[in-house]
1. What are the pairs with Cβ atoms under 9 angstrom where one residue, in segment 81-93, is touching a residue at least 12 places away in the same chain (Cβ under 8 Å) and the other, located anywhere, is exposed (fewer than 13 other Cβ atoms within 10 Å of the Cβ) and assigned to a helix (DSSP H, G or I)? Sequence gap at least six, or different chains.
2. Which of the residues belonging to segment 21-65 are of a type in the set (D, E, K, R) and away from the ligand (no atom under 16 Å from the Cβ)?
3. What helices (runs of 4 or more DSSP H), lying completely within segment 66-147, carry at least 1 residues that are of a type outside the set (A, V, I, L, M), within 16 Å of the ligand (Cβ to nearest atom) and within 24 Å of SER291 (Cα to Cα)?
4. Any idea how many residues of segment 173-195 are of a type in the set (A, V, I, L, M, F, W, C) and more than 22 Å from HIS132 (Cβ to Cβ)?
5. Go through segment 154-191 residue by residue and tally those that are part of a loop (DSSP other than H, G, I, E, B), in contact (Cβ under 8 Å) with a residue 60 or more places away in the chain and on the phi < 0 side of the Ramachandran plot.
6. Exactly one condition in (1) closer than 30 Å to LYS166 by Cα; (2) surrounded by fewer than 20 Cβ atoms within 10 Å (Cβ to Cβ); (3) of a type in the set (S, T, N, Q) is false for SER53; which is it?
7. Looking at segment 312-324, can you tell me whether even one residue there is closer than 22 Å to ASN104 by Cβ and either out of contact with any Asp or Glu (no Cβ under 8 Å at 6 or more places or on another chain) or not assigned by TED's automatic domain parsing to the domain that holds SER133 (or both)?
Amino acid sequence: MYNINVQKDMIRGEFPMFKNQPDLTYLDTAATAQKPQVVIDATNKFYSSQTASSGRGSYTLAVEASLLLEDVRGKVTKFICGNDNEILRDYTTVFTSGATESLNLVARMLQQLVYSRKTKKFNIILSLAEHHSNIIPFQQIVQTAKSMGIEAELKYLGLNQDGAIKLEQISELLDSDTLAISITHSSNVTGKITDLSTFGKLVTSKCSNLGRDLPLTVLDCCQSAPHIPVNLSQTIFDFACYSAHKIYGPNGVGGISAKIDVLRQFEPVFTGGGIVELVEESGSSFQPAPSRFEPGTPNMAGIAGFGAAVDFVNKIGYQNIISHEQELSKYLWQGLNDRKENFGIQTVGLFNQSENNNSNQLALASFSIQGIHPHDLGQVLDVKKVAVRVGHHCAQLVHRNFGIPSSTRVSCGIYTDFSDLDKFFEALEDAVKFFRKS
Ligand SMILES: Cc1ncc(COP(=O)(O)O)c(C=O)c1O
């Protein structure tokens with residue numbers, strides 16, 4: 001079993017935020033993770049001694065910036081897609097400003113298919129567990145298609161009582177007009193982990209029954225990548241979208257990892273400098289993927305920091321992360337369940353433990369308390385220096401599904417300790433007493 005003292009003393013010590021804010025109990029890692037010193041150092045190093053524009057110059061610093069970018073691209077691709085070098089040759093990563101841009105880019109690529117194939121009818125399957133960033137870009141392309149007389153529709157996979165996506169509904173929803181399926185690897189509200197292998201089997205079997213090719217499949221691994229391996233190459237997914245800032249990396253950088261062959265079929269979505277082969281008065285030709293999707297000057301300091309974040313997570317290892325966070329997850333859910341009756345707590349989804357003592361649950365829980373508005377609760381917790389997220393967490397459909405308009409979310413990371421959760425429960429008890437009295 002992973003030694004919690006090693007976790008507490010060594011890993012937490014690598015995050016300057018906890019030295020600078022010694023009283024802080026940070027339980028909002030699902031919104032953004034704190035940054036270890038190595039990530040801050042890599043970002044600073046780029047600005048203080050490596051600054052040059054990548055891909056544009058022939059002097060040494062510019063060449064080194066290009067090499068750095070490609071080195072991090074390789075690291076991130078391996079981190080998201082899996083370790084098998086043979087398979088990795090088929091995959092690449094497009095750098096973006098984060099998961100939101102990644103999902104918008106993918107949606108615009110799908111739109112290109114609709115127009116280039118002159119599609120008259122299509123549907124896209126999402127789930128009720130999705131973050132708004134994995135809903136609205138697809139709503140927009142469906143609405144635009146409809147305005148052009150195309151029969152277009154969004155369909156949603158429902159949720160089980162525990163919050164997991166009802167994958168079995170794929171056989172009902174997927175049909176010959178399904179253009180794409182875009183779902184989350186883990187919800188940012190329930191923390192439930194989607195079983196990607198079952199997803200693959202269900203999609204493959206339904207497509208073979210229909211005698212059709214697989215639709216394009218998109219995985220939002222924003223919440224999962226910091227906590228569990230994504231292993232894109234072991235799944236049927238074509239695209240994985242994520243943000244570095246949730247993986248202990250810098251803000252303003254993220255990516256789409258995908259098969260090179262899949263990316264090859266698309267035209268650039270945004271255009272400009274840095275991605276062209278030839279520009280003539282009437283038109284231009286573009287570099288191959290991934291560069292063709294990365295116009296303009298990249299966020300090089302962010303990319304350098306992202307590389308350091310991937311090294312940091314790899315150094316700790318997913319096995320250690322999982323064994324620590326699974327214990328935190330049980331402790332968090334047990335604590336909420338113990339207070340359920342007394343406090344009038346309703347969790348968004350339920351905790352369930354599998355036979356092998358693992359769960360399909362990240363160390364994250366969202367809940368409401370009867371008679372106490374999450375914003376009021378959040379304020380009282382803040383006075384006690386306990387930072388949690390309140391509101392709908394950019395996922396209104398999940399909340400509506402459970403009949404809870406908004407919730408309080410507690411989310412953990414590798415630096416979270418049981419004492420953080422104890423402080424949260426202590427503050428929660430005080431807050432409930434305070435509100436019940438007033
Ligand atoms: C599941 C999920 N998808 C997408 C996003 C969007 O990420 P970003 O705001 O970094 O673009 C988030 C952010 O919370 C998320 O939790």
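The values are calculated or read from the model by the stated rules, or taken from the named source; none is laboratory data. All values derive from a computational prediction rather than experimental measurement. Backbone-built Cβ (ideal geometry, glycine too); neighbour counts: all protein chains shown.
1. Pairs found: ASP90/ASP261.
2. Of the residues in segment 21-65, the ones of a type in the set (D, E, K, R) are 23, 28, 35, 41, 45, 56, 64.
Scanning segment 21-65 gives ASP23, ASP41, LYS45, ARG56, GLU64.
3. On the way: elements: 85-88, 99-116, 136-147.
Once the helices (runs of 4 or more DSSP H) in segment 66-147 are filtered for at least 1 residues that are of a type outside the set (A, V, I, L, M), within 16 Å of the ligand (Cβ to nearest atom) and within 24 Å of SER291 (Cα to Cα), what remains is 99-116, 136-147.
4. From segment 173-195, those of a type in the set (A, V, I, L, M, F, W, C) are 173-174, 179-181, 183, 189, 193; that's our starting set.
Add one more test, that the residue is more than 22 Å from HIS132 (Cβ to Cβ), and what stays is 174.
Counting residues in segment 173-195 that are of a type in the set (A, V, I, L, M, F, W, C) and more than 22 Å from HIS132 (Cβ to Cβ) gives 1.
5. Within segment 154-191, the first condition is being part of a loop (DSSP other than H, G, I, E, B), and the residues that meet it are 158, 160-164, 166, 174-177, 185, 187-191.
Narrowing the set further to residues that are in contact (Cβ under 8 Å) with a residue 60 or more places away in the chain leaves 158, 161-164, 187-191.
Next, from what is left, pick out any that are on the phi < 0 side of the Ramachandran plot: 158, 161-162, 164, 187-190.
Total meeting the criteria: 8.
6. Condition (1) is where SER53 drops out.
7. Of the residues in segment 312-324, the ones closer than 22 Å to ASN104 by Cβ are none.
Checked against the condition, which is being closer than 22 Å to ASN104 by Cβ and either out of contact with any Asp or Glu (no Cβ under 8 Å at 6 or more places or on another chain) or not assigned by TED's automatic domain parsing to the domain that holds SER133 (or both), segment 312-324 yields no hits at all.
Yes or no, residue by residue, for (1) out of contact with any helix residue (DSSP H, G or I) (no Cβ under 7 Å at 6 or more places or on another chain); (2) of a type outside the set (Lys, Arg):
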position	(1), (2)
ILE183	yes, yes
THR190	no, yes
LEU196	yes, yes
GLY200	yes, yes
ASN209	yes, yes
ARG212	yes, no
